[in-house]
Amino acid sequence: MAHEDMLAALDRRRAEAAAMGGEKKLAQRRENGQLNAEERLAALVDPDSFFETGLLGRSSYSAAEAARTPRDGKITGFGRIAGRDVGVVVNDFTVKGASTGATNSKKIGYIRRTVTERGMPFVHVGESTGARLPDAMGSKGMGTMLGNDTSQFRRMRDTPWVAAALDTSFGSSAWLCCCSDFAVMRKGSIMSVSSPRLVSMAIGEKVDLEELGGWRIHAEQTGLIDQFVDTDEEAMAAIRRFLSYMPSHNGELPPDAPVTEGSGADQERILDIVPEKRTQVYPMKKVMEVIFDKDSLFEFKARFGRSAIVALARLDGKVVGVIANNPQVGGGALSAEACRKIVDFTVLCDSFNIPLVRLMDTPGFVVGTDAERRGAPGHIMNFMNATCLTTVPQVTVICRKAYGRAYVAMGGGAHNDAIIAWPMAEVSFMDPVFATSIVHNLKAGEDGFEAALAEIQKDLEIWDMATIFSAQDVIKPQETRDYLIRMLDIQQRRRTGGIGQHLMRTWPTSY
């Protein structure tokens, strides 16, 4: 064959691959207001930066299947986000529902191995039906498809993993969200192990889509998704923003950014947010917005474990992780779900060299029969373990209440590089009202209760802890930002240069 004919054959194959599932299916997506895989890719990576691998990949099942599976339903390659290299997989639902086959599994495995070895984040944009039948059926299918790629789910957190669940995200699209450090879901999408049709056949009854894996289930009950958005474009923007806080790999520090204008202004406003009355609640997130760089808070799992707030932020342009109690929900008492959320976030920050700031105001852990049924003791111990294993610089601020073992889990005692407190801080084994009832056998309203309470409350004040240097300092709330900037700068000057030991690098991303 002449050179011209061979080059023409290559051009033809490239054009067929670029056509995805064909104009009819692409037109249907446009009618439905859905972005196709190429459009999602364009919204994700920097313009003209995508370098595709596996363009000519097709199904290996049969010649007929090969003809119907351009790119084998997955666009794979490397691109840049804000100028930094990333490995990318974008599922093309117009080809066999982006189902997982032998060829596209090899394509994905190649991307994952390369990003791990070369130190790049991995991004998976999911919309899929699950495993491709009949490819996976029978012993030959199983021997070909499953268990042959040890990199598929073996995570050592060498590099950040990110995933999106868009439209129908079954099988691999759900797996990758559960394996990732950050997962975003578009409202109206469904994420579950299997399709409603398969689940209905398995259990013998019709399954509702939303109940199977709608966004509210994952926002409020499973906690498997970190953020929820309204459009595909917003999902891609969320991925880009998350990666702006991340190093490319665990051997480097996160990137600095210019300090946004207005950051650090009016620190006195904290005094207006935090009430003088110890039993009155307040919005901790507003305190965070004052302390950290303007518009830099990037919150995770906002509707899950709501008695805690976890967020990435910037402090004088440097990335920090923030773990805070939320007094507006249960007075800041930590539920099993809040513990799970904090542990996930602690592992993320420690794995990628992000210093931690803890803002403590909690009466302890949620107790009761429901808490026990939710496995509270196990989650509390996981929380304690993660706090003890943290090796990045960490500073704890006692804003108000710090009671019981939650004080330790939130970074009290020796579990930090510095612990500071505001003058209104209270530290004790339990809430003084409960302590008064137990110690003096008195109930609120009974004679002598107020006097006994006042006596117990006298010992709660922070001064004794500062006197014995169990707190490094007591500062005014409006001094917090400047203190944190300077202290973290000092702690970052370890011989390791701020790179942690990554003792939790194998901690499961979902449990």
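Nothing in this text is a laboratory measurement; each read-out follows from the coordinates by a stated rule. Please read these numbers as outputs of a predicted model, since none were measured by experiment. Neighbour counts are summed over all protein chains in view; Cβ atoms, including those assigned to glycine, are modelled from backbone coordinates with ideal geometry.
Some values worked out for this structure:
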| read-out | value |
| --- | --- |
| Using alpha-carbon coordinates, inclination of helix 376-389 to the longest axis of the chain, degrees | 90 |
| Exposed GluC sites (Glu not before Pro) absent: longest stretch of the chain, with sites in DSSP loops and at most 12 other Cβ within 10 Å deemed exposed | 1-204 |
| Sites Ser49 and Ala27 - FRET efficiency at Förster radius 22 Å, r taken between beta-carbons, to 0.05 | 0.20 |
| Region 8-100: C-alpha gyration tensor shape, a/c 1.5 cut-off, then a/b vs b/c | oblate |
| Charge dipole (debye, nearest 20) of region 291-384; +1 at Cβ of Lys and Arg, -1 at Cβ of Asp and Glu | 140 |
| Percent of beta bridges antiparallel (DSSP, the chain, rounded to nearest 5) | 35 |
| Residue (of Gln492, Ser62, Met156) at the positive-pole extreme of the chain, dipole from beta-carbon charges | Ser62 |
| Over 27 Å (Cα to Cα) - which of Lys24/Lys301; Lys25/Lys301; Lys74/Lys318; Lys285/Lys318 fall in this group | Lys24/Lys301; Lys25/Lys301; Lys74/Lys318 |
